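Remarks on the structure that follows.
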Amino acid sequence: MTCQSDMSGRPVLVTGAARGIGLAIAHAFGARGSRVAINDRDPADVDRAVAALREKGSDAIAVPGDISDEHACAGIVAEACDGDGRLAVLVNNAAIGRAAALAGHKTDYWRKVLDVNLTGPFFLARAAQEALRQAHGAIVNIASAAAYGMKDQCSYDASKGGLISLTRSLALEFGPAGVRVNSVCPGFVDTEMLKSDANLHRHSQKFARSLPLGRLARPEEIAEAVLWLASDDASYVTGHALFVDGGWIRP
Amino acid sequence: MTITNSLEGFTILVTGAAGGIGAVTARTLSARGARLLLTDRDTGILASLGAELAAEYRVADLDDRNQITDLVDWADERGMDALVNNAGIVSMAPIEDFPDADWDRVIEINLTAVHLLTRNFARCRIARGGGGAIVNIASMSYKGMTRQIAYVASKGGVVSLTKGAAMELARHKIRVNAVAPGMTETEMTNPADGSQDRLRLRMMEQIPLRRYGEPQEIASVVAFLISRDASYVTGEVIHASGGARL
């Protein structure tokens, strides 16, 4: 972490922040003095993440809830806002995946993945629009290099492609109000989730050697890009999909 | 909310440093802790900017290949580990009347010189064990723009060059990225005589953020891409266009 910034007291909402990339993003904002609202499904997981941030002296609150539930999203946003009803940054990071070839890709997989990865960010953006306008805030959506296609991940790929399109659409709508909307597209990231599956970890490390940069990303490298897009340093950047993928896709 | 991507420890060569975006970029990189090496065609602004930033400078013509070699060697002797290819020219004419000489000159400065600077930078860095960053200033006009076909083609070339060089130089720990500015407030787009005012109003309607970008807003993208915060970003072209021409 080489950058310093003044994000003191700014209310930031990060979904899927109990672990992995989301937790790294929460830590990055917390370290810059933001008030980080941590969302994930399981309240106990959220509490652990909040405790981890507080241990580092960061300001964090728990806003557990299921983002695929429209009514839950309204509550999550309300709790994440500051006392004046403002939200400076919404980071749509929560996502799920179901690996299966098309023939075995159950309708239920497809619906669940789209509900969480694409409809959730739509619900949250809609619920937060006024709070973001008040703060001249920013949305950062965590899409994925998989938007360009990964085998046996049709629902995940489609959800992430959709999220890039949602980003562009919202950038057009929010632009005149000075609210910026961008996405970050990570490639393979060396998270606990990846390490927990020995087979997947081996496969991804082998794949990573074929990338220009020849290695997996660290979660912090994704977090720094998110932080930058949310900051005033990216004040003329909106609607962009920033690939943080070690040179993999080069769209 | 501003971020200060620290550039402590970097020594950065900036081409076209006397121009609108170039000078602001040099100031921004300097303010964030980098040591600057400046180059442009004539001494005037370069000398005063050099004094302001306590930066060494060297006059060079980028359509002279020997001068490019000497320039990069000069910068290498001073510890250069990052390069901002900012120098660029534009020539306006409809495609059916576009003069050959203008085409040659625009391609030479905007594309061939970027290749030569990149090549010589890579040679120097590899000889020193690798490591470094290049940021090319492209333009959103790589997606198409009227009455400047050589500029459009040269910037498309810069975008492709960025991706190719990123792939090839990654194993030497050199990252290569680009910024594609949209409409930016400069002497050229906002002259004091107001001659561009009507065009500006029309253009702004097509920009989601409803304003032109400030040179500072391009400079802060350059700073991010050079910094360690972008350590997993290479081959990327960041559009700094206020959302225009997505």
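Quick rundown of the values:
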item	result
Mean residue ellipticity (222 nm) of chain B, computed from DSSP H runs ≥ 4 via -39,500 (n - 2.57), nearest 500	-13000 deg cm²/dmol
Relative contact order, percent, chain B [alpha-carbon distance under 8 Å, six or more residues apart]	20 percent
Inter-probe distance in nm under a simple model that places probes 7 Å from Cα toward Cβ, at B:Asp104 and A:Glu55	6.8 nm
Cα Rg, Dmax, the stretch A:46-103, angstrom units	15.0, 50
Cα convex hull volume per residue for the stretch B:129-196 (Å³)	93 Å³
Column: log10 I(q)/I(0), Debye, Cα scatterers of chain A, q = 0.10 Å⁻¹	-0.44
By average C-beta atoms within 10 angstrom, highest first, the peptides B:92-99, B:203-210, B:42-49	B:203-210, B:42-49, B:92-99
With every protein chain in place, the stretch A:46-94: carbon and sulfur % of accessible area (1.4 Å)	44 percent
For A:Val181, residues with placed amide H under 5 Å, excluding near neighbours	A:Ile139, A:Gly239
Ratio of the Cα radius of gyration of the stretch A:129-225 to 2.2 N^0.38 Å, where N counts its residues	1.28
Chains A and B, summed buried accessible surface - 1.4 Å probe, Å², nearest 100	3900 Å²
Student exercise, the stretch B:97-246 dipole from Lys, Arg, Asp, Glu Cβ charges, in Debye to nearest 20	720 debye
Positive-end extreme of charge dipole, the stretch B:90-189 - chosen from B:Thr146, B:Gly182, B:Ile134 (charges on Cβ)	B:Ile134
FRET efficiency for A:Asn199 and B:Asp193, using Cβ-Cβ distance with R0 set to 56 Å, rounded to 0.05	0.25
Surface per residue (accessible, 1.4 Å probe) for the stretch A:139-251, Å²	36 Å²
Approximate spin-label separation B:Asp73-A:Ser8, in nm, with each point projected 7 Å along Cα-to-Cβ	5.2 nm
Probe 1.4 Å, protein heavy atoms only - accessible area per residue of the stretch B:25-71 in square angstrom	48 Å²
Percent breakdown of C-alpha pair distances by 10 Å bin, ordered from the shortest bin, for the stretch B:102-162	23, 45, 22, 9, 1
Compactness of the stretch B:158-246 as Cα Rg over 2.2 N^0.38 Å, two decimals	1.30
Solvent exposure of the stretch A:45-123 as accessible area per residue, Å², 1.4 Å probe	50 Å²
Whole-number D in µm² s⁻¹ for the protein assembly as shown, Kirkwood Cα-pair radius fed into Stokes-Einstein, 10 °C, 1.306 mPa s	68 µm²/s
Kirkwood Rh in Å, taken over the stretch B:101-222 so that all alpha-carbon pairs contribute	16.1 Å
Kirkwood Rh in Å, taken over all unlike Cα pairs in chain B	18.2 Å
Approximate spin-label separation A:His71-B:Arg119, in nm, with each point projected 7 Å along Cα-to-Cβ	6.8 nm
Restricting the stretch A:32-106 to trypsin sites (Lys or Arg not before Pro) in coil, as DSSP defines it, with at most 11 other Cβ within 10 Å	A:Lys56, A:Lys106
Cα-based Rg of the stretch A:209-251 normalised by 2.2 N^0.38 Å, two decimals	1.30
Along principal axes, Cα extents of the stretch A:1-150, largest first, whole Å	50, 31, 30
The stretch A:115-251, accessible surface, carbon-and-sulfur percent (1.4 angstrom probe)	51 percent
Separation of alpha-carbon centers, the stretch B:63-117 and the stretch A:1-79, rounded to whole Å	47 Å
Over the stretch B:181-232, volume per residue of the alpha carbon convex hull, in Å³	82 Å³
Distance from the stretch B:1-62 to the stretch B:166-230 (C-alpha centre basis), Å	17 Å
Whole-Å semi-axes of the ellipsoid equivalent to the stretch A:79-199 (Cα gyration tensor, √5λ, descending)	29, 15, 13
Column: log10 I(q)/I(0), Debye, Cα scatterers of the stretch A:103-146, q = 0.15, 0.21, 0.24 Å⁻¹	-0.51, -0.77, -0.88
Percentage relative contact order, chain A, counting C-alpha pairs under 8 Å, at least six apart	18 percent
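The values are calculated or read from the model by the stated rules, or taken from the named source; none is laboratory data. Predicted, not measured: the structure shown is a model, and the values here were computed from it. Quick reminder, even Gly has a Cβ in these numbers, built from the backbone with ideal geometry, and neighbours come from all protein chains shown. For the accessible areas, the whole protein counts, side chains as well, though only heavy atoms, and no ligand, DNA or RNA atoms are used. Shrake-Rupley method; radii C 1.70, N 1.55, O 1.52, S 1.80 Å.
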